[in-house]
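Q: This is the structure, below, for whatever I ask next.
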Amino acid sequence: MSENIEKIKCLIIGSGPAGYTAAIYAARADMNPVMYTGMEPGGQLTTTTEVDNFPGYPEGIDGPTMMVQLQQQAERFGTQVRIGMVTAVEFNKDEGGWHKVTVDNSKEILAHTVIISTGATAKYLGLPSEQRLRGGGVSACAVCDGFFYRGQDVAIVGAGDTAAEEATYLANICKNVTMLVRKDVMRASKAMQHRVNNTPNITVLYNSEVDEVLGDNVVEGLRVVNNVTGEKHDIAITGLFIAIGHKPNTEIFAGQLTMDETGYLITEPGSTRTNVPGVFAAGDVQDNVYRQAITAAGTGCMAALDAERYLAAIEH
């Protein structure tokens, strides 16, 4: 083992609410955490304009500002926040072993504990008009942003259980919800389909896709194309919600950490422990159900506490 390789107690990979909360707890426990931010410092919240559902902000706060404040709080207690991308890992399966991590394909680090908070990336349609209006009426989280469209007409794209659940959520607060389903049937469970079909202000358009999102600075409408007939028509909406799934950012951990069929890291029930001693997972990288900033922060706290207990055990 080369002596010039940096050795640290606690490495945090990823810089969203989970990572920063883990950093705050780890730093206060004298674990001297080092965080690498990844390609999207602050995570998904940096693409969100207003955050109204995180406790402690009675007037709300915009996502980027919230992430800056979380970083400042983590740094206040001594966290080293570094810009960089973890590009390879070599986890040691022995209790108390060093985990080797490569940053930016060059720098090598040895860590006794690793907290993975790399999050998940929402899938979008990829249309230029959709990307241009992200944050201006296009959202990938109805629970996060639906409140801003109370009493308005909105649309949602998707056909699975998540899309159906978010459609019924939006129907409770919005005037009308148009649901676009690409095929002639929904993939959602029968129970969720019944819920959608029995909600009077949800209209389901089958064999339908988004041709273009209309509006200059904010969403003003949607051009819908029937993928069987080719017929197009416009609908007036102020919000478009994309519910076609998320992709966990776990590629570099494949073959070393246990994952489910879609790539989410599996942790022991009631903890953030992965199948490798000293490696913990927090936030959306291991949560395919709730995917909220506050739940991510909660598991970040858990990960730091689990890491602290692990370090105490191996040092003892």
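Q: Using beta carbons and a limit of 6 Å, which pairs, at least six apart or on different chains, have the first residue in segment 26-50 and under 16 Å from ILE115 (Cα atoms) and part of a helix (DSSP H, G or I) and the second one of a type outside the set (Lys, Arg) and modelled with pLDDT of 95 or more?
A: Note: pairs meeting the criteria are ALA26/CYS10; ALA26/PRO33; ALA26/ALA304; ALA27/PRO33; ALA27/PHE77; ALA27/GLY78; ALA27/THR79; ARG28/PHE77.
Q: Further question: Of all residues in segment 260-316, count the ones that are within 16 Å of the chain's Cα centre (by Cα) and assigned to a helix (DSSP H, G or I).
A: 11
Q: Separate question: Which pairs turn up if I take residues in segment 196-220 that are under 18 Å from ALA236 (Cα atoms) and in contact (Cβ under 8 Å) with a residue 24 or more places away in the chain and look for partners that are open to solvent by less than 40 Å² (accessible area, probe 1.4 Å) and assigned to a helix (DSSP H, G or I) with beta carbon separation below 6 Å, at least 6 apart in sequence or on another chain?
A: ASN201/ALA171; ILE202/ALA167; ILE202/ALA171; ILE202/VAL196; GLU212/SER129; VAL213/SER129; VAL213/GLU130
Q: Residues that are open to solvent by 10 Å² or more (accessible area, probe 1.4 Å), among the hydroxyl-bearing types (Ser, Thr, Tyr), closer than 30 Å to THR87 by Cβ and part of a strand (DSSP E or B): does segment 116-123 have at least one?
A: yes
Q: I need the full set of residues from segment 183-234 which are at pLDDT below 95, of a type in the set (Lys, Arg) and not in a loop (DSSP other than H, G, I, E, B), in order please.
A: Within segment 183-234, LYS190, ARG195 qualify.
Q: Continuing with the same structure: Just the residues that are free of Cβ contacts under 8 Å to residues at least 40 places away in the same chain and either closer than 26 Å to GLY19 by Cβ or under 19 Å from the mean Cα position of the chain (by Cα) (or both), please, taken from segment 112-155.
A: GLY126, GLN131
The values are calculated or read from the model by the stated rules, or taken from the named source; none is laboratory data. All figures in this text were calculated on a predicted structure; none of them were measured in a lab. Backbone-built Cβ (ideal geometry, glycine too); neighbour counts: all protein chains shown. For accessibility, only protein heavy atoms count, side chains too; no ligands or nucleic acids. Shrake-Rupley method; radii C 1.70, N 1.55, O 1.52, S 1.80 Å.
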